[in-house]
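Chemist: The structure follows.
The values are calculated or read from the model by the stated rules, or taken from the named source; none is laboratory data. This structure is a prediction, so every number in the text was calculated from the model and none was measured. Cβ atoms come from the backbone with ideal geometry, glycine included; neighbour counts cover every protein chain shown. Just so you know, the surface numbers come from the protein's heavy atoms only, side chains and all, with ligands and any DNA or RNA stripped out. Shrake-Rupley method; radii C 1.70, N 1.55, O 1.52, S 1.80 Å.
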Amino acid sequence: MTVSRFPDAPPQIAALKLDARGFPVPWFVPWIEGEPEFRAIDPRAPGFAHRHGLCWICGTPITGAARAFTIGPMCAVNRVAPEPPQHLACARFAVVSCPFLSRPMAKRRSTDDLPHQAAPGQMIERNPGVALVWLTRSYRTETQPEGGVLFRLGPPVSVEWYAEGRTASRDEVLESITTGVPLLAKMAYEQGAEAVALLERQTARAMKLVPA
């Protein structure tokens with residue numbers, strides 16, 4: 001019997017199935033021939049989680065007014081998340097325990113061999129080295145022309161910055177933002193002056209959230 005590598009995980013995380021390594025498998029991850037395929041997402045899952053108020057990680061109902069989103073620094077700039085909200089405890093578990101979120105050198109594995117829908121929006125193909133938990137009382141969905149939805153985040157009640165599975169330093173957060181914004185700027189320049197001006201305002205707003 002596989003033993004969990006995280007005996008102190010929140011109860012709703014502890015209730016998830018485990019892979020052969022002892023990692024809990026988020027409910028949205030499809031199983032293929034008896035093995036979880038972490039690179040893929042059940043395309044029905046985001047909409048189902050949103051409609052039924054389920055946590056994106058553990059799949060159980062979220063209660064209370066606040067919702068947590070696990071995002072990267074560039075999502076803190078444009079306030080758009082690609083995935084539905086989570087329990088605060090589940091989001092904190094993810095930023096500390098998920099290999100991609102907690103290891104700056106980890107890279108996304110290719111999904112070219114998988115039959116799946118591309119994630120909505122424009123993904124930046126990098127590991128930002130820093131992640132944050134964005135707690136908010138409001139958000140709205142935005143249906144994308146290519147299909148799928150994105151989640152427009154409301155003002156934060158709080159933000160928690162993490163790097164390498166611990167609280168991130170100010171310098172780590174600044175480094176991630178300053179190296180990521182040029183990638184957003186490239187997209188903005190392709191869209192025109194209004195997009196560039198909007199990005200400048202969004203970046204200034206996000207800088208106010210950098211830890212002291």
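Chemist: So what is the relative contact order for the stretch 1-102, in percent, with contacts set as C-alpha pairs under 8 Å and at least six apart?
Modeler: Relative CO of the stretch 1-102 lands at 21 percent.
Chemist: Can you give the FRET efficiency for Glu164 and Asp8, using 1/(1 + (r/R0)^6), R0 = 22 Å, r = Cβ-Cβ distance, to the nearest 0.05?
Modeler: 0.75
Chemist: Could you state the angle between the C-alpha long axis of helix 170-191 and the longest principal axis of the C-alpha atoms of the chain, as a value from 0 to 90 degrees rounded to the nearest 10?
Modeler: 70
Chemist: How would Asp171, Asp19, Asp8 rank on accessible area, largest to smallest, probe 1.4 Å?
Modeler: Asp8, Asp171, Asp19
Chemist: If you roll a 1.4 Å probe over the heavy atoms of the protein chains, what accessible area per residue do you get for the stretch 141-212, in Å²?
Modeler: Value for the stretch 141-212: 59 Å² per residue.
Chemist: If you don't mind, there's one more thing I want to ask. Could you state the accessible area per residue of the stretch 7-73 in Å², with a 1.4 Å probe and every protein chain left in place?
Modeler: Here the residues of the stretch 7-73 average 52 Å² of exposed surface.
Chemist: Take the solvent-accessible surface of the protein heavy atoms, probe 1.4 Å, and return the percent of it on the chain that carbon and sulfur atoms account for.
Modeler: It is 56 percent, rounded to a whole number.
Chemist: Moving to a separate point now. Relative to the longest principal Cα axis of the chain, at what angle does helix 88-97 sit, 0 to 90 degrees, rounded to 10?
Modeler: Value to nearest ten degrees: 90.
Chemist: Further question on the same structure: So how much slack lies between Ala193 and His52, counting 0.36 nm per residue of separation and subtracting their Cα-Cα distance, in nm?
Modeler: Full-extension gain reported as 46.8 nm.
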